[in-house]
Amino acid sequence: MTPASEDLIAIGSVPVEWPQGDFPAAARESMENAQTRKNVRHATGVVSAKRAKVVAEMPDWQQLRDAGSAIRQHALDHLDEYLLQFEATCTAAGGHVHRAADGEDANRIAVEIERGHQATEVIKIKSMTTEEIRLNEALEAAGIHPVETDLAELIIQLGNDKPSHIIAPALHKNRHQVREIFIREMKLTELGNTPEDLTAAARRYLREKFLRVKIGVSGANFLVADTGGVCIVESEGNGRMCLTLPDVLIAFAGIEKVIPRFQDLEVFLQTLPRSATAERMNPYNSVWTGIHPGEGPQEFHVILLDNGRSAILHDAEAKQTLKCIRCAACLNTCPVYRQTGGHAYASVYSGPIGAILTPQLHQSKEGKLDDGDSLPYASSLCGACYEVCPVKINIPEVLIHLRSRVVERDQETFAGKFGAWNIGMQAAAVAFVSGDRLELAQRLGRLGQLPFVAQSGFIEHLPLMLSGWTQSRDLAPLPKQSFREWWSEREKSRPGKNGGSA
């Protein structure tokens, strides 16, 4: 961001802490839950197959990806200008724009607004941004009860659980588990286990809330700079209820959500639903612009949240992370996520996009990746996430960049310089500098592996830091002859070579 933006957003703000764990340890724990793994694999497989079908219908899909990527990149390159424009147009339409440097600041603003209306309860549309800053916890601490109205978020809230997917937070639950939660928390004596039974129960539970509660809270899929509008897309209709029935509406949005023009929605309203829910169009597309006397909320607030985003803008290679439109297509196709589920990432943002976004949101003022520094390694770098991303974020490229930043940080310490991994990589660099050194290393490796080759002919167990490789797989030993050695012998034995017969 250029200096002009400093009047709007606090640069280099420190985000509210989200507890970070060690991904490998969390992943092992998650993989022990067979039911969760089955639920995740089934759900992501179904959505991925449907997505492929509706994307294949679009002859200009790649052009739409290019357009979406260009729009998002342009918006990020001129973010300060478009944020100022959005503030001006939204205010002119009757809205109130608030600037929040971090999550604590955003929560404070929301609580003050709600206390000003003597609120004891609010209804909420699904919002990753409010999950990020733990808004629900802040509201509860202030004596204000938030009611999640999205079906999946309601399941998570009633089950005292954490979301495991960006689009489908309750992806890890099957309908039988949901039924148990509803019976217990809604105090029901009986309830069927069909999707229709469950949605009917949720509808009865929420209807009274929609009609009574006077303050609504939402996120934002897009902020439209030239009109001051807030765009929200959804599939259930609960969002439309929260946008129209309350007297007061508060929208939370990360600063990266702004797009230049209303016309730009033409691209995203085609790519987002196909990538997210495998729908040709979201059933409910709402654009809320200011105040309209006698219609809908008569008080409208937008809280623009930095919470570490401005620091990402200063990293040229990682900046593309903020192009994300939260479709979660990368989660559904990722082989790592499909095995572990979302809880292993210890963040509201899971999967490949979470692996690059979370560590950056939690980097220190000095730019060090401290919290979530194992997440950039939570990938096989297969590139499937890049292939499905509707705005062409090169996630593997950013993952490698973040890994290099973690290594650079570690090499500034004594333990990092003389750690086993660094010594091993330095030794590999020495070996790979010439063919002769590589051949010597291969000969030594053949000797060193002898105690570990089992009767099966494979290496089944390795010691110390190498043990991770053999926990779930066997390794083939180094061959008795390398390709280079075979080629050398072949060349020597060819006629006319080194004294051979003509």
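The values are calculated or read from the model by the stated rules, or taken from the named source; none is laboratory data. It should be emphasised that the depicted structure is a prediction, and the values quoted were computed from it without experimental measurement. A quick note on method: Cβ atoms are made from the backbone with ideal geometry, for glycine too, and the neighbour counts reach across all protein chains shown. Remember, those area values only see protein heavy atoms, side chains included, never the ligands or the DNA or RNA. Shrake-Rupley method; radii C 1.70, N 1.55, O 1.52, S 1.80 Å.
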*So, with +1 on the Cβ of K and R and -1 on the Cβ of D and E, and no other charges, what is the size of the charge dipole of the stretch 351-464 about its Cα centre, to the nearest 20 debye?*
160 debye
_Lys/Arg +1, Asp/Glu -1 at C-beta; the chain dipole; positive extreme among Thr271, Val54, Gly228_ = Val54
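What accessible area per residue comes out for the chain, rounded to a whole number of Å², with a 1.4 Å probe?
Numbers: 23810 Å² over 502 residues.
Accessible surface, normalised per residue, equals 47 Å².
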*Calculate the radius of gyration of the Cα atoms of the stretch 188-260 to one decimal place, then report Dmax, the largest Cα-Cα distance, as a whole number, both in Å.*
15.8, 52
*Looking at Gln363, Gly308, Ile325, which one has the Cα that reaches farthest to the positive end of the dipole of the stretch 285-395 (charges on Cβ: Lys, Arg +1; Asp, Glu -1)?*
Ile325
*Normalise the Cα radius of gyration of the stretch 96-198 by 2.2 N^0.38 Å (N = residues in it) and let me know the number.*
1.22
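What Kirkwood radius, in Å to one decimal, follows from the Cα pairs of the stretch 407-476?
On the way: mean 1/r = 0.0714 Å⁻¹.
About 14.0 Å, per the Kirkwood formula over Cα pairs.
What number, in nm² with one decimal, is the all-direction average of the projected area of the convex hull of the alpha-carbon atoms of the stretch 144-228?
Computing the convex hull of the Cα atoms and averaging its projections yields 7.3 nm².
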*What is the sum of charges around Phe222, taking Lys and Arg as +1, Asp and Glu as -1, for the other residues whose C-beta is under 11 Å from the C-beta of Phe222?*
+2
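Would you calculate a helix-derived [θ] at 222 nm for the chain, using -39,500 (n - 2.57) for each DSSP H run of n ≥ 4 and dividing by the full residue count, to the nearest 500?
Working: 22 runs with 235 residues, N = 502.
Calculated from helices alone, the mean residue ellipticity at 222 nm is -14000 deg cm²/dmol.
Starting from the eigenvalues of the Cα gyration tensor, five times each then square-rooted, give me the equivalent ellipsoid semi-axes of the stretch 35-132, largest first, whole Å. Could the numbers behind the result be given before it?
On the way: eigenvalues 247, 131, 31 Å².
Semi-axes from the Cα gyration tensor: 35, 26, 13 Å.
Please give me, ordered by residue number, the trypsin sites (Lys or Arg not before Pro) of the stretch 308-403 that lie in loop per DSSP and have at most 13 other Cβ atoms within 10 Å. Intermediate results must be reported in sequence, preceding the final value.
Details: sites: Arg309, Lys319, Lys323, Arg326, Arg338, Lys365, Lys368, Lys392, Arg403; in loops: Arg326, Lys365, Lys368, Lys392.
Here the sparse-neighbourhood loop sites are Lys365.
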*Using all Cα-Cα distances in the stretch 345-500, what percent lands in each 10 angstrom bin from 0 up to the longest?*
9, 23, 28, 23, 12, 4, 1
*Note the listed values (i) 49, 23, 20; (ii) 48, 27, 22; (iii) 45, 22, 20, then indicate which one is semi-axes √(5λ) of the Cα gyration tensor in Å calculated from this particular structure.*
(ii)
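Can you give the relative contact order of the chain as a percent, counting alpha carbon pairs under 8 Å and 6+ residues apart? Kindly include the intermediate steps, with their values, before the conclusion.
Values: 847 pairs, mean separation 99.7, N = 502.
Relative CO of the chain lands at 20 percent.
May I ask you to list the chymotrypsin sites (Phe, Trp or Tyr not before Pro) in the stretch 335-426 that are in a DSSP loop and have at most 15 other Cβ atoms within 10 Å of their Cβ?
Numbers: sites: Tyr337, Tyr345, Tyr349, Tyr377, Tyr386, Phe414, Phe418, Trp421; in loops: Tyr349, Phe418.
Here the sparse-neighbourhood loop sites are Phe418.
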_Over the Cα atoms of the stretch 318-437, what radius of gyration and what Dmax do you get, in Å?_
16.0, 50
*Please get the size of the charge dipole for the chain, origin at its Cα centre, with Cβ charges of +1 on Lys and Arg and -1 on Asp and Glu, quoted in debye to the nearest 20.*
2080 debye
*With +1 on each Lys and Arg Cβ and -1 on each Asp and Glu Cβ, and nothing else charged, work out how big the dipole of the stretch 65-109 is about its Cα centre, in Debye to the nearest 20.*
180 debye
_If I compute solvent accessible area with a 1.4 Å probe over the protein chains, what percent of it on the chain is carbon and sulfur?_
55 percent
*Looking at Val287, Ile215, Asn193, which one has the Cα that reaches farthest to the positive end of the dipole of the chain (charges on Cβ: Lys, Arg +1; Asp, Glu -1)?*
Asn193
